[in-house]
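A.B. asks: Below you will find the structure I want to go over with you.
The values are calculated or read from the model by the stated rules, or taken from the named source; none is laboratory data. None of these values were measured; they are calculated from a predicted model. All Cβ positions, even for glycine, are placed from backbone atoms using ideal geometry, and neighbour counts span all protein chains on display.
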């Protein structure tokens, strides 16, 4: 089955982003205005108390929101985050985090996407973070 | 000269946070409600276009804001980021970023700090990001 | 049918808040961690181009998020917004706006709620704004 | 002395915005990328505990940030807030609030401005709120 040009573009922004690769983030599912990702929780992600650092959570959320936004773009368009807001809802622990990005609004210039981060805790998923990301559309370099 | 208990606490949260160590962030100056840090720009920090990833900028800003907040705490108190907002003002490039965190308000329960991130460009400093971070006071574990 | 103590508390914070009354905001439905409100769009709400002012949208969203948070509190507890973030997704026009507030996380000290604002356009609802609000629990005065 | 076209444009967006007029907000000073305003604290601005409502504070901050942004624009350009973030640092009381808006970055498409709100307390000024506002440039209608 052929991948859509949007899905190819999303896979590319994950593969080419060194920081995303360094954190071990991978794409697990894509849909219209939707991107789902996974990040294993490793010692490198921890802050001083052993929880996942807010910066690692934000990286996961920002890039996943960007992936969701890119799933709404035309061929040849890119997106760039201009601001983000992240709430750390609960301390995040491993073994892995799941992140779901969805587009709230894709305007002519501005795209707004959300991303929720879930940890596995006592055999159930727990929402540990939620981000809102504002992006602008750009011609791809 | 002896370091203050607050300065010792700040150095500890930078030394013990694996994610901050992995990114190469170091404390360069401390003052009352003030923390200054440095992060070299390495290939690992890049997003798909070669700029510093918003998540790396946010990590730098969040931890530096936390350091500034900790400089206002009493002995035995810790701080925890509950939410952050970051504006990416310009694409950030190397060779290094400087971050300055300052406390806006230290209340009984809630502390609000800001962090500005500067890059070196054409021999001058350029502000590339600005964050606002909300933290809560906690007894240290 | 008797109203729950939480619902009584929510009705009180809408009735006693002069600014909310001045804008014409009313509660239309309540549930567990959920509050729904309505604001008629009047000339007084407009900014310079005739759209609803971002500040009026934010007032609606903030108070509705606070109502949702209060629906999760114990008797004698109050909530206070410490920060909010609002995205204006599309220009908002009348005749009325509907707002839905929901609680994302009710922790021991911190409560995080969201609020979405909808306008009526061409016979359908359109999401024109989305807010995230961070609140702290307090003993009621 | 003649007013600059930018200053004329700022005065116009305050005069034409009904919501800003209803709240009693006036421009008190203008400069390059800078706007200062005043809002008397009236009973209508209050929330349920007698403090200025977060929505009124946000209105003041948003419009003042917009004024500062407009002071950086070329003739014929307008600005529109696409998102804002406000921290309520302390409960705000009267008799009046002073707000200072400054531009952090004026890019080709996106403008980022800040606004600080000060109350008078015990004969001194106290910072009660701080906002960051993201705006986009537009051709004036």
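A.B. asks: Would it be correct to say that residue A:90 is closer than 19 Å to residue A:9 by Cα and touching a strand residue (DSSP E or B) at 6+ places or on another chain (Cβ under 7 Å)?
C.D. replies: no
A.B. asks: Could you run through the range D:76-98 and say how many residues are within 14 Å of chain B (Cβ to nearest Cβ) and under 22 Å from residue D:124 (Cβ atoms)? Break it down stepwise before answering.
C.D. replies: Taking the range D:76-98 as the starting set, the residues that turn out to be within 14 Å of chain B (Cβ to nearest Cβ) are D:81-92.
Filter once more, keeping what is under 22 Å from residue D:124 (Cβ atoms): D:87-92.
Total satisfying the criteria: 6.
A.B. asks: Can you tell which of A:112, A:133 is at pLDDT 95 or above and either under 26 Å from residue B:16 (Cα atoms) or within 13 Å of chain B (Cβ to nearest Cβ) (or both)?
C.D. replies: Only one candidate passes the filter, namely A:133.
A.B. asks: Looking only at the range A:52-75, count every residue that is more than 9 Å from chain B (Cβ to nearest Cβ), more than 15 Å from the chain's Cα centre (by Cα) and under 21 Å from residue A:121 (Cβ atoms) and tell me the total.
C.D. replies: 0
A.B. asks: If I ask for residues that are surrounded by fewer than 24 Cβ atoms within 10 Å (Cβ to Cβ) and either under 30 Å from residue C:17 (Cα atoms) or out of contact with any strand residue (DSSP E or B) (no Cβ under 9 Å at 6 or more places or on another chain) (or both), which ones from the range D:32-64 would you list?
C.D. replies: Residues satisfying the conditions are D:36, D:38, D:40, D:41, D:42, D:43, D:44, D:46, D:48, D:49, D:50, D:51.
A.B. asks: Check the range B:75-82 and report whether any residue there is in contact (Cβ under 8 Å) with a residue 60 or more places away in the chain, crowded, with 24+ Cβ neighbours inside 10 Å and under 23 Å from residue A:49 (Cα atoms).
C.D. replies: Pass one, the range B:75-82, residues in contact (Cβ under 8 Å) with a residue 60 or more places away in the chain: B:75-78.
Then drop every residue that is not crowded, with 24+ Cβ neighbours inside 10 Å, which leaves none.
The answer is no; no qualifying residue exists.
A.B. asks: Any residue at all in the range A:23-42 that is facing another protein chain (nearest Cβ under 7 Å) and part of a loop (DSSP other than H, G, I, E, B)?
C.D. replies: Within the range A:23-42, not a single residue is facing another protein chain (nearest Cβ under 7 Å) and part of a loop (DSSP other than H, G, I, E, B).
A.B. asks: Read through the list (1) surrounded by fewer than 24 Cβ atoms within 10 Å (Cβ to Cβ); (2) over 17 Å from residue B:85 (Cα atoms), then give the number of the only condition that residue A:69 fails.
C.D. replies: Of everything listed in (1) surrounded by fewer than 24 Cβ atoms within 10 Å (Cβ to Cβ); (2) over 17 Å from residue B:85 (Cα atoms), residue A:69 misses just condition (1).
A.B. asks: State whether one or more residues within the range C:37-46 are within 18 Å of residue D:133 (Cβ to Cβ), in contact (Cβ under 8 Å) with a residue 40 or more places away in the chain and in contact with a helix residue (DSSP H, G or I) (Cβ under 9 Å, 6 or more places away or on another chain).
C.D. replies: Start the filter on the range C:37-46 by keeping residues that are within 18 Å of residue D:133 (Cβ to Cβ), which leaves none.
No, the conditions are met nowhere in the range C:37-46.
A.B. asks: What pairs can you find where one residue is in the range A:3-28 and farther than 17 Å from residue A:98 by Cβ, the other is at pLDDT 95 or above and in a helix (DSSP H, G or I), and their Cβ atoms are less than 6 Å apart, with a gap of 6+ or different chains?
C.D. replies: Correct list of pairs: A:9/A:70; A:18/B:43; A:18/B:44; A:19/B:45; A:19/B:56; A:22/B:44.
A.B. asks: In addition: Starting from residues that are part of a strand (DSSP E or B) and without any contact (Cβ under 8 Å) to a residue 24 or more places away in the chain, keep the ones in the range B:117-130 and report whichever is nearest to the other protein chains (Cβ to nearest Cβ).
C.D. replies: Per the criteria, the residue is B:118.
A.B. asks: Among the listed residues B:2, B:87, identify the single one that is assigned to a strand (DSSP E or B), farther than 27 Å from residue A:40 by Cβ and more than 14 Å from the chain's Cα centre (by Cα).
C.D. replies: B:87
A.B. asks: Just to be sure I understand, how many residues within the range B:90-107 are buried (at least 21 other Cβ atoms within 10 Å of the Cβ) and outside any strand (DSSP E or B)?
C.D. replies: So the count comes out to 1.
A.B. asks: Residue under question is residue D:67, and the condition is that it be free of Cβ contacts under 8 Å to residues at least 60 places away in the same chain, in contact with a strand residue (DSSP E or B) (Cβ under 6 Å, 6 or more places away or on another chain) and in a helix (DSSP H, G or I); does it hold? If you could, list the steps in order and put the result at the bottom.
C.D. replies: Numbers: free of Cβ contacts under 8 Å to residues at least 60 places away in the same chain: yes; in contact with a strand residue (DSSP E or B) (Cβ under 6 Å, 6 or more places away or on another chain): yes; in a helix (DSSP H, G or I): yes.
Considered against the rule, which asks whether it is free of Cβ contacts under 8 Å to residues at least 60 places away in the same chain, in contact with a strand residue (DSSP E or B) (Cβ under 6 Å, 6 or more places away or on another chain) and in a helix (DSSP H, G or I), residue D:67 comes out as yes.
A.B. asks: Let me ask you something else. Tally the residues that are part of a loop (DSSP other than H, G, I, E, B) and crowded, with 17+ Cβ neighbours inside 10 Å, restricting the search to the range B:5-22. Outline the logic, then answer.
C.D. replies: Pass one, the range B:5-22, residues part of a loop (DSSP other than H, G, I, E, B): B:16-17.
Among the residues that remain, those that are also crowded, with 17+ Cβ neighbours inside 10 Å are: B:17.
Qualifying residue count, the range B:5-22: 1.
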